[in-house]
RNA sequence: GCGUGUUUAGCUCAGCGGUAGAGCACUCCCCUUUUAAGGGAUAGGCCCUGGGUUCAAAUCCCAGAACACGCACCA
């Protein structure tokens, strides 16, 4: 092996540790061992052994042979005791020299904290009660060259935890559990939808018009076509095209969306969302479906429908509350928007509860602002807020009993919006009108207003069946189900600025 | 984008004008039923970057960077 070039940023302490380990690596090679071998066959995960022998009493030895593999997290008494960690948990290796060949005794001295090894032996519980494997054979599976963070405090520097997630995962069981739970939640969600006959589809992430939501997009460029493309802010319009085409009556797209907005504890520039559409259904169906999905996933993944978030205890048990936007605002502020008709009256009402509005804001915009500022943070238990103003919902169908409203709901849990759904607007002529209203808003300075999408209207003109649509922000759902206060804790590699 | 914090050894943190400290990790010695840490002895630092103030700056001031938390924007 050639002399490796150390990173130029390396300090002398770091260099010393790394060089020492490289020296040990060459010693392994001198013993005829490849420190980076190809395979290893383990018989069991650590957690499986821990639970299988949970009842084994202290001091009892079995003759059951197992093999395990993982990372060395601690070495005590010159290698006699090693804590070995795999993704499921830890187990102690007991390597008494009387059980090891001379060669293995030599190799034991060449092990460091952080090395990956596989070990075989018999299961026993020590007199002090620690389940252990009495090692008769072990193999180096990967030499680690860098020192791990301190074992007691772990890695607490949040910046390093996000930038070097692999280190965080090695050191923090909480991080491992959270990200493992994320994966289970997404699997259960898919499984639930497959069970209901949904078809998973993929729609473009690179889009010539970033539609389906009100947000600023990222722009990128295709060289050969010499054209700008947008990273999608939502899959919505493409999914409904598939329903028009009759690919399936129930479709969903579960993937990343990108919004060029500020970063916060609840916002990452790329985030995971599921959008689903069901033909011949309306927003009432979507409410039922939202509740069922949350309840089922919580039960399957967490084993309970009662979750804790910070100081709040939240019940996801069905049925959830449903209240109209005007009801919700009335209950908290005493303002009854169902009896307010003019835009001017609405703005006065906002002023009376100290909500700032622009002189151009309409009845619907004012109502939405009051909800967001005065009501939203009080909605801890799950609740569907329904019947949104038409001007903030250009893709939703007009309410069957009030032309100022659309059939749309947003689900709030813990004060957050976690779902957004509507009876989809299927009338192509109405849709064109709504897009034109949006264009006027855009010209008036609203750079998040929806753009015209002629091809989408063409698709609607061929005929979209009555359709219910639902979007769920999965990162937030996962935050709720894992009691994570920051979205970065549920995203393995959150967006960060380069260090320098 | 604005405000407030944080940034010192590989990690976790003290120090807050007078040539840089601890614990763990590392190295060496001793030890073979320990478990955050078996016992002992070493070694390891452009104190985030760039300016200033001062006889003297890790420490005070100004600017910048990254990160965190609020606010703004939004899912």
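Nothing in this text is a laboratory measurement; each read-out follows from the coordinates by a stated rule. All of these numbers come straight from a predicted model, not from anything done at the bench. Don't worry about glycine lacking a Cβ; one is built from the backbone with ideal geometry, like all the others, and counts go over all protein chains shown.
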Q: Taking 7 Å along the Cα-to-C-beta vector as the label spot, tell me the residue A:137-residue A:98 distance in nanometres, rounded to one decimal.
A: 2.3
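Would you kindly work out the equivalent ellipsoid of the stretch A:7-140 from its C-alpha gyration tensor and give its semi-axes, the square roots of five times the eigenvalues, largest first in whole Å?
Numbers: eigenvalues 161, 50, 40 Å².
Each semi-axis is √(5λ); the values are 28, 16, 14 Å.
Let me check against my output: what whole-number percent is the relative contact order of the stretch A:207-325, with C-alpha pairs under 8 Å and at least 6 apart? Write out the running numbers ahead of the final one.
Numbers: 156 pairs, mean separation 20.2, N = 119.
Relative contact order here is 17 percent.
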Q.
Just to be sure I understand the model, the point goes 7 Å from the Cα along the line to the Cβ. What's the resulting residue A:378 to residue A:196 distance in nm?
A. 3.1
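I need the per residue convex hull volume for the stretch A:9-52, using only the alpha carbons, in cubic angstrom as a whole number. Write down the numbers at each step before the final one.
Details: hull volume 6.5 nm³, N = 44.
In the stretch A:9-52, the Cα convex hull volume per residue is 149 Å³.
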Q. For labels at residue A:58 and residue A:39 in the simple 7 Å Cα→Cβ model, what's the distance in nm?
A. 4.2
Q. So how do A:382-395, A:206-219 stack up, highest first, on mean other-Cβ count within 10 Å?
A. A:382-395, A:206-219
(Q) I'd like the antiparallel share, as a percent to the nearest 5, of DSSP beta bridges with both residues in chain A. (A) 90
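Defining a contact as two alpha carbons under 8 Å apart and six or more residues distant in sequence, what relative contact order in percent does chain A show? The partial results should precede the final answer.
Values: 917 pairs, mean separation 60.1, N = 500.
Relative CO of chain A lands at 12 percent.
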(Q) With just the Cα atoms defining each centre, how far is the stretch A:47-77 from the stretch A:297-323? Give it in Å. (A) 36
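What do you get for Rg/Rh of the stretch A:353-500 when both radii come from the Cα atoms and Rh is the Kirkwood radius?
Details: Rg = 17.8 Å, Rh = 17.5 Å.
We get a ratio of 1.02 for the stretch A:353-500.
Starting from 0.36 nm per residue, how many nanometres of slack lie between residue A:263 and residue A:400 once their C-alpha separation is accounted for? Before the final figure, lay out the partial values.
Details: separation 137, 0.36 × 137 = 49.32 nm, distance 3.79 nm.
Extending this stretch completely gives an extra 45.5 nm.
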Q. In 10 Å bins starting at 0, how do the alpha-carbon pair distances of the stretch A:442-500 split up by percent?
A. 16, 21, 26, 29, 8, 1
Q) So if R0 is 22 Å, what FRET efficiency would residue A:358 and residue A:443 give, r being the distance between their Cβ atoms, rounded to the nearest 0.05? A) 0.90
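Would you list A:64, A:336 from fewest to most Cβ contacts within 10 Å? It would help to have the intermediate numbers written out before the result.
Numbers: A:64 15, A:336 12.
So the ranking, lowest neighbour count to highest, is A:336, A:64.
Please quote Rg/Rh for the stretch A:224-287 to two decimal places, taking the Kirkwood radius as Rh and restricting both calculations to Cα atoms. Spell out each step's value before the answer.
Working: Rg = 14.9 Å, Rh = 13.9 Å.
Looking at the stretch A:224-287, the ratio lands at 1.07.
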Q. Working out 0.36 nm times the residue gap between residue A:163 and residue A:280, then minus their Cα-Cα distance, what length gain in nm do you get to one decimal?
A. 37.5 nm
Q | Cα-derived Rg to Rh of chain A, Kirkwood definition | A | 1.08
Q | Average Cα contact separation per residue, the stretch A:328-470, under 8 Å, 6 or more apart, as relative contact order % | A | 17
Q. Compactness ratio of the stretch A:166-217: Cα Rg over 2.2 N^0.38 Å, N = residue count?
A. 1.72
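Please work out the ratio of the alpha-carbon Rg of the stretch A:179-244 to 2.2 N^0.38 Å and round it to two decimals.
Relative to the 2.2 N^0.38 Å estimate, the stretch A:179-244 comes out at 1.43.
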Q: Take A:283, A:53 and order them by how many other Cβ atoms sit within 10 Å, fewest up front.
A: A:53, A:283
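Which value in deg cm²/dmol, rounded to the nearest 500, describes the helix-derived mean residue ellipticity at 222 nm for chain A, given -39,500 (n - 2.57) per DSSP H run of n ≥ 4 and division by the residue count? Please report the intermediate quantities before stating the final value.
Details: 14 runs with 155 residues, N = 500.
Taking each H run of at least 4 residues, the total per residue is -9500 deg cm²/dmol.
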Q | Evaluated over the stretch A:224-333, the Cα radius of gyration and Dmax, each in Å | A | 18.2, 57
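Listing A:417, A:57, A:270, A:436 from the residue with the fewest other Cβ atoms within 10 Å to the one with the most, what is the order?
Working: A:417 18, A:57 8, A:270 15, A:436 12.
Going from sparsest to densest Cβ surroundings: A:57, A:436, A:270, A:417.
Provide the packing ranking of A:237-245, A:78-86, i.e. peptides ordered by the mean count of other C-beta atoms within 10 Å per residue, highest first.
Numbers: A:237-245: 20.3, A:78-86: 18.1.
Order by mean packing, descending: A:237-245, A:78-86.
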Q: Whole number please: convex hull volume per residue, Cα atoms of the stretch A:138-274, in Å³.
A: 218
